[in-house]
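Worksheet for the structure shown next.
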Ligand code: AKB
């Protein structure tokens with residue numbers, strides 16, 4: 001990777017990934033794109049930035065050619081709860097955007113990354129230590145998009161030789177840019193509310209276990225996978241990755257170690273609860289560890305201490 005085009009660069013992952021990649025590869029070698037400019041987002045102002053609606057394949061290819069990119073990182077997508085509320089729009093945006101990004105990578109002969117998700121699994125998937133290769137029959141539009149995306153990426157690899165790579169991300173937790181419209185978002189909101197108000201009403205019920213990961217580990221996973229020796233990759237789209245699995249009660253208990261009077265209540269959202277219930281409790285990430293050395297640094301304790309420190313600073 002020398003010159004990288006990122007779509008959705010001002011979103012939850014992109015806001016931090018763009019900056020990390022600019023540190024590694026140089027400011028001018030990371031081209032951030034998003035559907036709108038956010039002047040207060042450092043990813044938009046610290047290097048090249050272009051407005052791009054990912055459903056416009058012609059413009060995407062033009063930008064890739066203008067900057068002579070050799071890697072495309074396609075992050076722009078609707079998350080699970082938003083996709084469930086707007087399934088047709090989600091199909092058009094998530095799949096249309098992905099097709100355009102794959103076609104762009106094929107046209108300019110670029111390496112390709114796009115994230116899949118724990119949402120690619122469904123109720124008939126084994127729930128605990130979910131294997132890398134297993135039943136994938138998701139019951140959400142987001143999940144249907146993610147499985148289709150994994151298959152399409154494999155298709156572009158086998159049919160056209162595009163160097164496609166991907167990971168199945170769990171819920172991603174960060175203090176920089178908020179997620180929007182996801183099922184795992186409770187695990188981000190809880191920290192903001194703990195710092196601001198010392199209480200939180202969770203829209204996901206106690207006893208609901210989902211995989212999670214702190215953003216620094218997610219960024220390392222993307223960069224290490226993209227730099228991995230292709231000869232060592234048996235799997236490509238996509239690798240199970242995870243750092244921890246917890247339910248809302250366990251997260252609240254961890255927060256109470258720092259904010260003893262933190263109060264947790266429940267106001268369960270049936271739509272997001274149904275989505276969460278269809279996802280695994282915990283993933284087996286051993287294929288990622290074996291094939292490209294994936295390893296997470298942050299567990300729930302280390303992540304919570306860092307999140308609360310950083311948020312106290314940010315919100316003061
Ligand atoms: C979501 O909740 O939709 C995402 C995901 C797990 O893919 N955070």
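The values are calculated or read from the model by the stated rules, or taken from the named source; none is laboratory data. Note that the coordinates shown come from a computational prediction; the quantities given were computed from them, not determined experimentally. All Cβ positions, glycine included, derive from the backbone under ideal geometry; neighbour counts span all protein chains shown.
Observations, loosely collected:
- Against the numbered list (1) over 21 Å from residue 17 (Cβ atoms); (2) not in a helix (DSSP H, G or I), residue 88 comes up short only at (2).
- Of all positions in segment 160-172, at least one carries a residue that is touching a residue at least 12 places away in the same chain (Cβ under 8 Å), within 25 Å of residue 315 (Cα to Cα) and within 16 Å of the ligand (Cβ to nearest atom).
- Any hit, segment 45-55, residues being in contact with a helix residue (DSSP H, G or I) (Cβ under 9 Å, 6 or more places away or on another chain), assigned to a strand (DSSP E or B) and in contact (Cβ under 8 Å) with a residue 40 or more places away in the chain: yes
- Comparison of 219, 225 shows that the only residue that is at pLDDT 95 or above, surrounded by fewer than 22 Cβ atoms within 10 Å (Cβ to Cβ) and either over 20 Å from residue 136 (Cα atoms) or more than 16 Å from the ligand (Cβ to nearest atom) (or both) is 219.
- Hey, residue 151 within 16 Å of the ligand (Cβ to nearest atom) and either surrounded by fewer than 18 Cβ atoms within 10 Å (Cβ to Cβ) or farther than 18 Å from residue 270 by Cα (or both) or not: no
- Any hit, segment 271-283, residues being in a strand (DSSP E or B), buried (at least 20 other Cβ atoms within 10 Å of the Cβ) and within 14 Å of the ligand (Cβ to nearest atom): yes
- Residues in segment 84-105 that are closer than 21 Å to residue 158 by Cα and crowded, with 21+ Cβ neighbours inside 10 Å: 97, 98, 100, 101, 102, 104, 105.
- Residue check for residue 179: within 22 Å of residue 247 (Cα to Cα), away from the ligand (no atom under 16 Å from the Cβ) and either out of contact with any strand residue (DSSP E or B) (no Cβ under 8 Å at 6 or more places or on another chain) or at pLDDT below 95 (or both): no
- Residue that is surrounded by the fewest Cβ atoms within 10 Å (Cβ to Cβ) [pool: residues in segment 106-134 that are within 26 Å of residue 160 (Cβ to Cβ) and within 13 Å of the ligand (Cβ to nearest atom)]: 115
- Only listed residue being closer than 18 Å to residue 180 by Cβ and either under 19 Å from the mean Cα position of the chain (by Cα) or within 16 Å of the ligand (Cβ to nearest atom) (or both), chosen from 93, 98, 102: 93
- Failed condition for residue 77, given (1) crowded, with 18+ Cβ neighbours inside 10 Å; (2) outside any loop (DSSP other than H, G, I, E, B): (2)
- Residues considered: 190, 204. Of these, the only one that is surrounded by 19 or more Cβ atoms within 10 Å (Cβ to Cβ), over 30 Å from residue 25 (Cβ atoms) and within 13 Å of the ligand (Cβ to nearest atom) is 204.
- Scan of segment 226-251 for residues that are closer than 23 Å to residue 163 by Cα, in contact (Cβ under 8 Å) with a residue 12 or more places away in the chain and in a helix (DSSP H, G or I), ordered by number: 226, 227, 230, 232
- Enumeration of residues in segment 49-85 that are over 25 Å from residue 20 (Cα atoms) and within 14 Å of the ligand (Cβ to nearest atom): 80, 81, 82, 83, 84, 85
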